[in-house]
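Following: one structure in structure tokens, then a few remarks.
The values are calculated or read from the model by the stated rules, or taken from the named source; none is laboratory data. What you see is a predicted model; the values in this text were computed from it and never measured. Note: ideal-geometry Cβ built from the backbone for every residue, glycine included; neighbour counts use all protein chains shown. Quick note on the areas: whole protein, heavy atoms, side chains included, nothing else; ligands and nucleic acids left out. Shrake-Rupley method; radii C 1.70, N 1.55, O 1.52, S 1.80 Å.
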Amino acid sequence: EMSRALTAGGAPGLHYYTLNLEVVTMGILDELGLRVKPDAKISELIKAHQGEKPWTAFEFFPPRTESGVNNLKARLPRMKAEGNILYGDITWGAGGTTSEQTMDIAIAMRKEFGIVANMHLTCTNIEASKVDEALSTAMANGIRNIVALRGDAPAGQEKWEATEGGFNCALDLVKHIRSRFGGEFCISVAGYPEGHPDKISVVEGGVASLTASEKRRCSVSVGPDGKELVQVCRDADFTKELAYLKEKVDAGADFILTQMFFDTDVYLAFVEDCRRVGIMVPVVPGIMCLNSFGGFKKMAAMCKTRVPADLEAKMAAAQESTEAVKKVGIEFGAEMSRALTAGGAPGLHYYTLNLEVVTMGILDELGLRVKPDAKISELIKAHQGEKPWTAFEFFPPRTESGVNNLKARLPRMKAEGNILYGDITWGAGGTTSEQTMDIAIAMRKEFGIVANMHLTCTNIEASKVDEALSTAMANGIRNIVALRGDAPAGQEKWEATEGGFNCALDLVKHIRSRFGGEFCISVAGYPEGHPDKISVVEGGVASLTASEKRRCSVSVGPDGKELVQVCRDADFTKELAYLKEKVDAGADFILTQMFFDTDVYLAFVEDCRRVGIMVPVVPGIMCLNSFGGFKKMAAMCKTRVPADLEAKMAAAQESTEAVKKVGIEFGAEMSRALT
């Protein structure tokens, strides 16, 4: 309470005497909405997962170029949303070469895209002090999940060597994290169902010389000399591998991520082996997405992976066609995923290679892909039939009971209105942005309504806009109304927020620049001109041009005299030019401000077409529920009110039911005329 009062009074900041204790301090920040909550631990998310469908996770690597990073960031919100992933995994880069990018992308995953980040950390080319620095940076940014690995040898170095002042192995790294940071992090470690590649060697005696367990995990291929090449991790080494894995778990690892494999039975046998030696943490299968024949052969050779004969044959037959290879990759990935789930795998962790066609294709096959809302522009184009489509716009109530009442109405209004979409406003002055997001998500997820979510420039920085759009995208919302917005309550004139946008045009440009074609964007159109540009005309109606007469508002002023207001032709021309700029920048359709004269709308559409605006111009029809609301809205928007409507509303004003009857009759009459 004190902090709010201090802030309202102009205090430059809030300095708390904590007494070295956190419950009250952090509780205050909770109350103020200032506490930065860290990511949940993946181990806890795995335990909490419910339902018959398995959870999914995607692994990415840090690109080496700026354009590669931008491409990945463009995919992340879409892949998160459609994959409905439990977490996103980001590697440290071969030889520790991309550690900075790893950290940057992990932070972006969490802060920009709302993805629980599982950040790899290796022992390659890194001292203990740098590890502590990386972990502290991760912690400061809310990252609480680490994959602790030894890592690969740097490029050009045949054998892995420890760095002076660093760690000798992943076990040392796990121990250090637990010693230095306690239980702050969820730690995952690597498991090798076929044995670590360093321990897989050529068997001179062939398959016949192997034990039964070795035969289950051996790799058989054709060597450079054209003869059969058998490779395996011998039982003695595999036993040591399991003992070492148990040491990592006993030292504090919370779950295991496996190296890639192509034979489901190898994974299932590995889990059995883990349980046999007392490793009881989840063993998550790592599934390699097959995107190219060359990549498949390279990875299989490098990791010395067992490749089933039928997969080898299918990939070889498809190798001349990228599309055919991807088709095999999708079918094989889906088949393997089903077998793993049936075998009791706790979830499905996909090595995406930063690509989405095969990854998302697998989820399509499994029925796990979350399809986002259709774009309204496409729904408008696809609409058929003599009857017009309808849409309903709602505003976010300020109270919990108001929200509950709205949610109770939504399914009924959706069903009986057969609406194409539901529109939810951002709230005057940006005051109800959180409720807008919550209701938009509920529209889609709870009620199956295509949500068209308003987003304004009022009281919001560009970073918050990106956050809102990423959240929308992650929840399958693909339709945005880009608006400047109204001035906050108590502020007479609209002003841009520092670090934000100056107008709706800037917002449209930003969305297209940042998110490409991911969203359908609608913008506001003003058939009578923007209220800010509508002014009193001293010379009355007689002084107006023909076009101004069509859209002017005539009412009785406070002094009892005729009050004429209009957007003059010069300003209206500028309004149309600005509207065209918004459309040219990427707006897909126009939603009009309210009007009460159908001819005003029809003239506006003609004007739009005349200046080259060819997108749909959707009329916004105000439903008249009360006399006071009608008068307030008409005055605020300076709207032209036909004399017969004015007379009917005035005659009915003493009766709510009578006003609603006028509202129904007028709304129906206007809708017929518009159609």
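What number of residues within the range 301-344 satisfy the criterion of being open to solvent by 50 Å² or more (accessible area, probe 1.4 Å) and hydrophobic (A, V, I, L, M, F, W, C)?
Final tally of qualifying residues: 6.
Would you confirm, using the coordinates I've provided, whether ARG4 is open to solvent by 90 Å² or more (accessible area, probe 1.4 Å), farther than 21 Å from GLY476 by Cβ and in a helix (DSSP H, G or I)?
yes
Are any residues in the range 653-675 under 43 Å from the mean Cα position of the chain (by Cα) and either open to solvent by 40 Å² or more (accessible area, probe 1.4 Å) or not aliphatic (A, V, I, L, M) (or both), and if so, which ones?
Filtering the range 653-675 for residues under 43 Å from the mean Cα position of the chain (by Cα) gives 660, 663-675.
Of everything in the range 653-675, those that are under 43 Å from the mean Cα position of the chain (by Cα) and either open to solvent by 40 Å² or more (accessible area, probe 1.4 Å) or not aliphatic (A, V, I, L, M) (or both) turn out to be LYS660, GLY663, ILE664, GLU665, PHE666, GLY667, GLU669, SER671, ARG672, ALA673, THR675.
Taking the range 532-548 as the search range and keeping residues that are assigned to a helix (DSSP H, G or I) and either over 46 Å from the mean Cα position of the chain (by Cα) or of a type in the set (A, V, I, L, M) (or both), which one is farthest from GLU575 (Cα to Cα)?
So the residue we want is ALA542.
When the range 471-495 is examined, which residues are found to be modelled with pLDDT under 90, part of a loop (DSSP other than H, G, I, E, B) and either over 21 Å from LYS582 (Cα atoms) or within 14 Å of the chain's Cα centre (by Cα) (or both)?
ASN475, GLY476, PRO488, ALA489, GLY490, GLN491, GLU492, LYS493
Being more than 44 Å from the chain's Cα centre (by Cα) and of a type in the set (Gly, Ala, Ser), is that true of even one residue in the range 236-252?
Among the residues of the range 236-252, at least one is more than 44 Å from the chain's Cα centre (by Cα) and of a type in the set (Gly, Ala, Ser), which makes the answer yes.
What are the pairs with Cβ atoms under 7 angstrom where one residue, in the range 481-508, is more than 20 Å from THR436 (Cβ to Cβ) and the other, located anywhere, is part of a loop (DSSP other than H, G, I, E, B) and among the acidic types (Asp, Glu)? Sequence gap at least six, or different chains.
Cβ pairs passing all conditions: GLY499/GLU461.
Residues that are part of a strand (DSSP E or B), under 18 Å from ASP584 (Cβ atoms) and touching a Lys or Arg at 6+ places or on another chain (Cβ under 9 Å): does the range 514-521 have at least one? Can you show your working first?
Pass one, the range 514-521, residues part of a strand (DSSP E or B): 520-521.
With under 18 Å from ASP584 (Cβ atoms) added as a condition, the list becomes 520-521.
Filter once more, so that each one left must be touching a Lys or Arg at 6+ places or on another chain (Cβ under 9 Å): 520-521.
Looking through the range 514-521, at least one residue is part of a strand (DSSP E or B), under 18 Å from ASP584 (Cβ atoms) and touching a Lys or Arg at 6+ places or on another chain (Cβ under 9 Å).
Test ALA504 against the stated conditions and say whether it is among the aliphatic types (A, V, I, L, M), under 30 Å from the mean Cα position of the chain (by Cα), over 29 Å from GLU646 (Cβ atoms) and buried (at least 16 other Cβ atoms within 10 Å of the Cβ).
Numbers: among the aliphatic types (A, V, I, L, M): yes; under 30 Å from the mean Cα position of the chain (by Cα): yes; over 29 Å from GLU646 (Cβ atoms): yes; buried (at least 16 other Cβ atoms within 10 Å of the Cβ): yes.
In short, yes.
Please go through the range 364-391 and pick out each residue that is in contact with a strand residue (DSSP E or B) (Cβ under 8 Å, 6 or more places away or on another chain) and either in a helix (DSSP H, G or I) or open to solvent by 60 Å² or more (accessible area, probe 1.4 Å) (or both). Break it down stepwise before answering.
Our first condition is that a residue be in contact with a strand residue (DSSP E or B) (Cβ under 8 Å, 6 or more places away or on another chain); within the range 364-391, this holds for 368, 373, 375-380, 391.
Within the range 364-391, ILE376, SER377, GLU378, LEU379, ILE380 meet the criteria.
Could you run through the range 579-602 and say how many residues are within 25 Å of LYS631 (Cβ to Cβ) and assigned to a helix (DSSP H, G or I)?
Going through the range 579-602 one residue at a time, the tally reaches 4.
I'm trying to understand the selection: among the residues of the range 352-363, which are acidic (Asp, Glu) and in contact with a strand residue (DSSP E or B) (Cβ under 7 Å, 6 or more places away or on another chain)?
Within the range 352-363, none qualify.
Could you grab me the full set of residues in the range 163-192 that are open to solvent by 30 Å² or more (accessible area, probe 1.4 Å) and in a helix (DSSP H, G or I)?
Passing the criteria: ASP172, LYS175, HIS176, ARG178, SER179, ARG180.
Return yes or no: is SER221 hydroxyl-bearing (Ser, Thr, Tyr), more than 35 Å from the chain's Cα centre (by Cα) and either more than 18 Å from ASP254 (Cα to Cα) or part of a loop (DSSP other than H, G, I, E, B) (or both)?
Working: hydroxyl-bearing (Ser, Thr, Tyr): yes; more than 35 Å from the chain's Cα centre (by Cα): yes; either more than 18 Å from ASP254 (Cα to Cα) or part of a loop (DSSP other than H, G, I, E, B) (or both): yes.
Considered against the rule, which asks whether it is hydroxyl-bearing (Ser, Thr, Tyr), more than 35 Å from the chain's Cα centre (by Cα) and either more than 18 Å from ASP254 (Cα to Cα) or part of a loop (DSSP other than H, G, I, E, B) (or both), SER221 comes out as yes.
For the range 266-300, name all the residues that are open to solvent by 10 Å² or more (accessible area, probe 1.4 Å), touching a residue at least 24 places away in the same chain (Cβ under 8 Å) and assigned to a helix (DSSP H, G or I).
Within the range 266-300, LEU268, ALA269, VAL271, ASP273, PHE293, GLY295, MET299, ALA300 qualify.
Under 9 Å between Cβ atoms, which residue pairs at least 6 apart in sequence (or on different chains) link something in the range 164-175 that is modelled with pLDDT of 90 or more with a partner that is of a type in the set (S, T, N, Q)?
ALA170/THR122; LEU173/THR122
Can PRO642 be described as touching a residue at least 12 places away in the same chain (Cβ under 8 Å) and more than 21 Å from GLU393 (Cβ to Cβ)?
Working: touching a residue at least 12 places away in the same chain (Cβ under 8 Å): yes; more than 21 Å from GLU393 (Cβ to Cβ): yes.
Yes; evaluated as a whole, the condition is true for this residue.
Can we say GLY402 is without any contact (Cβ under 8 Å) to a residue 12 or more places away in the chain and open to solvent by less than 60 Å² (accessible area, probe 1.4 Å)?
Yes, satisfied.
May I ask you to list the residues in the range 352-363 that are crowded, with 18+ Cβ neighbours inside 10 Å and assigned to a helix (DSSP H, G or I)?
Listed by number, the residues that qualify are VAL358, THR359, MET360, GLY361, ILE362, LEU363.
So, in the range 549-578, how many residues would count as being of a type outside the set (Phe, Trp, Tyr), assigned to a helix (DSSP H, G or I), closer than 15 Å to PHE595 by Cβ and open to solvent by less than 30 Å² (accessible area, probe 1.4 Å)?
Qualifying residue count, the range 549-578: 1.
So which residues in the range 431-441 are open to solvent by 30 Å² or more (accessible area, probe 1.4 Å) and in a loop (DSSP other than H, G, I, E, B)?
THR431
Answer yes if at least one residue in the range 569-576 is without any contact (Cβ under 8 Å) to a residue 40 or more places away in the chain and farther than 30 Å from GLY516 by Cα, and no otherwise.
Within the range 569-576, one or more residues are without any contact (Cβ under 8 Å) to a residue 40 or more places away in the chain and farther than 30 Å from GLY516 by Cα.
Checking the condition under 27 Å from VAL537 (Cα atoms), of a type in the set (A, V, I, L, M), open to solvent by 80 Å² or more (accessible area, probe 1.4 Å) and in a helix (DSSP H, G or I), which residue from MET636, MET649 passes?
It is MET636.
Quick one: what pairs do we get from the range 104-126, first residue small (Gly, Ala, Ser) and open to solvent by 10 Å² or more (accessible area, probe 1.4 Å), second in a helix (DSSP H, G or I) and modelled with pLDDT under 95, C-beta under 7 Å, 6+ apart or different chains?
GLY114/SER470; GLY114/THR471; GLY114/ALA474
Checking the structure you have, find out if any residue of the range 621-633 is assigned to a loop (DSSP other than H, G, I, E, B), farther than 21 Å from ALA504 by Cβ, open to solvent by 30 Å² or more (accessible area, probe 1.4 Å) and polar (S, T, N, Q).
Among the residues of the range 621-633, at least one is assigned to a loop (DSSP other than H, G, I, E, B), farther than 21 Å from ALA504 by Cβ, open to solvent by 30 Å² or more (accessible area, probe 1.4 Å) and polar (S, T, N, Q), which makes the answer yes.
Restricting attention to the range 442-470, which residues are modelled with pLDDT under 90, open to solvent by 20 Å² or more (accessible area, probe 1.4 Å) and not in a helix (DSSP H, G or I)?
Of everything in the range 442-470, those that are modelled with pLDDT under 90, open to solvent by 20 Å² or more (accessible area, probe 1.4 Å) and not in a helix (DSSP H, G or I) turn out to be ASN459, GLU461.
Out of the residues in the range 16-53 that are part of a helix (DSSP H, G or I) and open to solvent by 100 Å² or more (accessible area, probe 1.4 Å), which is nearest to CYS186 (Cα to Cα)?
GLU44
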